[in-house]
1. What are the aspartates and glutamates whose alpha-carbon lies under 18 Å from the alpha-carbon of Lys255, with same-chain residues fewer than 8 places away excluded?
2. How large is Rg over Rh for the range 30-316, taking Rg from the Cα atoms and Rh as the Kirkwood inverse mean of 1/r across Cα pairs?
3. Can you give the charge dipole size of the chain about its Cα centre, rounded to the nearest 20 debye, using +1 on the beta carbon of Lys and Arg and -1 on the beta carbon of Asp and Glu?
4. Tell me the relative contact order for the range 30-316 as a rounded percent, counting alpha carbon contacts under 8 Å between residues six or more apart.
5. Would you mind pulling out the separation of the Cα centroids of the range 290-315 and the range 169-245, in Å?
6. Rounded to the nearest 500 deg cm²/dmol, what is the calculated helix-only ellipticity per residue at 222 nm for the chain, with -39500 (n - 2.57) per DSSP H run of length n ≥ 4?
7. Which lysines have a Cα less than 25 Å from the Cα of Lys258, not counting those fewer than 8 places away in the same chain?
8. GNM on the chain, C-alpha springs below 10 Å: top fluctuator among Gly133, Gly118, Gly214?
Amino acid sequence: MSLDTEYVWPPTWLSPKAHSWLPVDWLDQIQRVVALINGKGGVGKTTVSANMAGLAAANGQHALLIDANAQGNIARELGYRKSAIDDKGEAFYESIRRGRPLEPARDVRPGLDVVVGGSELEGLGSLLNSMVGVVGPAANLALARCLVPIAPDYDLIVIDSPPENAPVERLVLTTSRYLIVPTKSDDASLDGLGMVADRFTDAKALNPDLEILGVLLFATGRGSSAIRRDVATRVKAMLGDVAPLFDRVVGHAEKIAKEARTKGKLVFELEEHRLDRLRNPDDPNRRKTPIEELAEDYDGIYAQFCQMLAEHESTAA
Ligand SMILES: Nc1ncnc2c1ncn2[C@@H]1O[C@H](COP(=O)(O)OP(=O)(O)OP(=O)(O)O)[C@@H](O)[C@H]1O
Ligand SMILES: [Mg+2]
């Protein structure tokens, strides 16, 4: 991180009156911001964020992916780790600190820009806590301030949030229009939904449009209706009726996930890569490859996501 002698604390832009440092129409500017969030780790936030943003770009949308994690795993998913664009989150951290517009890395894939995360974000939680100490809860709008100036450039903005990091989760919640909550079916992962529920209400005070779009089962058997029923009941108990389960799950496919991350490719990119060799379109008995099945999961989830978005937007209009 660069030393900056000009910098004064608290920064002059920060005041308890958020409306003095956010444009009045800021809520309109974040209508296409979707965060993947769950207080627990290892439930698919990063994998799903990267694949959804990548699919949006591949489908002609101008997409932005924000990696709000000190782990910086989006760099592995998209294969830019240790490349020239990988500043480990330094530019991101500096934007928040100074209240300046985010400066994404451009065209990490055609149509996909990325706000790079990584170890430089390790201090973000304490920075936010001190901001809150200075101005109160309005400081949780610090990411909105940096995002709003560039948001009109994008059709979709996806935020990958960190696990067990209350200040950064609050920041993400106050900057998002919609939440997708990925979860595994085990008790610990489902407990993460409780954390989301608690913080959701607080975030609504600053960001009244915030909604849970849906809960997404991750790394689960595709055909298990008993698991699905059980999770649906528990989701309802924790989040009420506001959070439907996505129809499709991300099927369990650990080996493919590992291969994708090692190669820095999204699932549909792996599929393309493999199908040249494996696909015989004329064979009616040909079984789908596990990569095709996983790619179809993401296609189905993305399609349902687009449909949900359209429904919410038509209701809001
Ligand atoms: N379809 C899948 N089946 C099984 N495992 C998967 C699948 N897709 C991804 N994984 C693996 O699951 C693990 C957790 O995924 P991921 O990193 O996306 O979760 P996360 O919620 O972002 O975790 P963290 O909270 O640590 O950031 C990773 O090791 C990933 O490679
Ligand atoms: Mg992650």
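1. The reachable aspartates and glutamates, counting only those whose Cα sits under 18 Å from Lys255, are Glu77, Glu269, Glu271, Glu272, Glu292, Glu293, Glu296, Asp297.
2. Dividing the radius of gyration by the Kirkwood radius yields 0.96.
3. Charge dipole, the chain, about its Cα centre: 520 debye, nearest 20.
4. 23 percent
5. The range 290-315 and the range 169-245 have Cα centres spaced 17 Å from each other.
6. Rounded to the nearest 500, the figure is -14000 deg cm²/dmol.
7. By straight Cα distance, Lys258 reaches Lys40, Lys45, Lys82, Lys88, Lys184, Lys288.
8. Gly133
Quick note: the coordinates plus some simple rules give every number you see, no bench work behind them. Please read these numbers as outputs of a predicted model, since none were measured by experiment. Note that we place each Cβ from the backbone using ideal geometry, even for glycine, and neighbour counts take in every protein chain shown.
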